[in-house]
1. Take ARG159 and tell me if it is part of a strand (DSSP E or B), without any contact (Cβ under 8 Å) to a residue 60 or more places away in the chain and within 16 Å of the ligand (Cβ to nearest atom).
2. Which residues, taken from the range 277-296, are surrounded by fewer than 19 Cβ atoms within 10 Å (Cβ to Cβ) and either within 24 Å of the chain's Cα centre (by Cα) or not assigned by TED's automatic domain parsing to the domain that holds VAL248 (or both)?
3. Which residue is least open to solvent (accessible area, probe 1.4 Å), if the candidates are limited to the range 86-96 and must be closer than 19 Å to GLY155 by Cα and in a loop (DSSP other than H, G, I, E, B)?
4. Restricting to the range 196-205, count the residues that are farther than 13 Å from ILE300 by Cβ and either touching a residue at least 60 places away in the same chain (Cβ under 8 Å) or part of a strand (DSSP E or B) (or both).
5. Kindly indicate which of VAL178, VAL152 is closer than 30 Å to LEU228 by Cα and either assigned by TED's automatic domain parsing to the domain that holds GLU223 or among the β-branched types (Val, Ile, Thr) (or both).
6. All but one of (1) farther than 29 Å from GLU251 by Cβ; (2) assigned to a helix (DSSP H, G or I); (3) not aliphatic (A, V, I, L, M) hold for TYR124; state the number of the condition that does not hold.
7. Of everything in the range 33-85, what is among the acidic types (Asp, Glu) and exposed (fewer than 15 other Cβ atoms within 10 Å of the Cβ)? Give them in sequence order.
8. Taking the options LEU102, LEU78, LEU112, name whichever one is among the aliphatic types (A, V, I, L, M), modelled with pLDDT under 90 and not assigned by TED's automatic domain parsing to the domain that holds PRO243.
Amino acid sequence: MTRRTALEPLTGLVVDRDAVRRTRPELFDELLSDPATRLLPLWHGKALMTDASAGALDLVTPDRQSAALVRVYLGRTLLAGLEPVGTPVIAVTLTDAAAAELEPDESRWADLRRVGTGLSERDYALFCEAVAVANWHESHTHCPRCGTPTVVEAGGWVRRCFVDGREVFPRTDPAIIVRVLDDRDRILLGSNAMWENNRWSILAGFVEPGESFEAAVIREVAEEAGVLVTEPRFLGSQPWPFPASIMVGYEARAVDVGDVALTPDGEEILEVRWFTREELWAERGDLLLPGGASIAHAIIADWYGGPLDGPPGGAAR
Ligand SMILES: [Zn+2]
């Protein structure tokens with residue numbers, strides 16, 4: 001696979017979603033009678049792992065299926081994992097009873113945010129897709145127009161209202177996340193009011209209706225830090241299904257930093273600061289930076305020139 005942005009493997013294509021096949025009425029009958037098919041069990045947003053150390057998804061054979069609340073055909077894998085390339089995978093959300101029957105040991109069920117860093121690219125993508133669609137089903141059970149309960153169609157990718165025929169499709173909410181650099185190549189980090197003390201990251205925010213990603217970048221940085229930026233440049237993106245986001249990564253250049261005081265908004269962002277790579281390294285004992293599974297981590301590490309737990313420019317890349 002060609003490396004298209006600095007942020008691979010977050011952005012790679014590793015599942016063929018096989019959208020044409022979704023609409024076949026006999027889809028699940030066909031898939032469940034195919035011995036190659038695997039199920040990805042989900043229970044309260046957690047997936048079943050092969051062991052408590054959570055190194056890989058435990059995809060189970062169709063005969064181990066018990067009653068599923070919702071089934072979603074995720075597609076066919078384009079990378080091998082414990083199963084070969086081309087494995088069809090169905091996400092199944094389970095009741096407490098069904099989950100306990102499948103695997104009573106709760107340490108085998110893991111949250112994506114906890115285990116994401118250690119997963120393979122394939123398992124990460126499958127887990128993300130499954131959680132994102134499952135979250136949508138959970139919060140969109142009724143028709144937004146008339147309030148009637150909707151039914152699931154198209155392999156789990158549509159909910160239809162039988163009163164007015166309305167089809168509802170899974171939603172994903174874009175949020176920009178931006179690496180702002182100044183003319184000395186320092187990076188702008190902020191400390192969010194929602195976070196524990198001394199946790200720092202690049203700035204981010206939801207895209208508003210009617211707004212381009214680029215305009216959102218400029219607006220968010222002005223709002224959160226009082227800094228005017230220019231030339232937003234796309235870096236890469238990452239689905240972040242908590243509950244339904246896609247993080248769209250940008251870099252932007254600050255304008256006239258020398259004369260401008262940083263003004264955190266005081267509500268969402270309590271503190272903003274410019275960091276050199278050397279400062280980030282020197283203060284590493286006091287700073288908490290984004291976790292390794294996040295696009296924020298990848299964007300900062302890409303600027304830093306190597307892993308964040310080593311000196312700037314660091315180890316082999
Ligand atoms: Zn309706």
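The values are calculated or read from the model by the stated rules, or taken from the named source; none is laboratory data. Here the structure is a predicted model, which is why all the values come from computation and not from measurement. Cβ placement follows ideal geometry from the backbone for every residue including glycine, while neighbour counts extend to all protein chains displayed. Quick note on the areas: whole protein, heavy atoms, side chains included, nothing else; ligands and nucleic acids left out. Shrake-Rupley method; radii C 1.70, N 1.55, O 1.52, S 1.80 Å.
1. Taking the combined requirement at face value, the residue satisfies it.
2. Within the range 277-296, LEU287, LEU288, GLY291, GLY292 meet the criteria.
3. THR87
4. So the answer is 3.
5. On the way: VAL152 fails: closer than 30 Å to LEU228 by Cα.
Sole residue among the options that is closer than 30 Å to LEU228 by Cα and either assigned by TED's automatic domain parsing to the domain that holds GLU223 or among the β-branched types (Val, Ile, Thr) (or both): VAL178.
6. (1)
7. Residues satisfying the conditions are ASP34, ASP51, ASP63.
8. Working: LEU102 fails: modelled with pLDDT under 90; LEU78 fails: modelled with pLDDT under 90.
Among LEU102, LEU78, LEU112, only LEU112 is among the aliphatic types (A, V, I, L, M), modelled with pLDDT under 90 and not assigned by TED's automatic domain parsing to the domain that holds PRO243.
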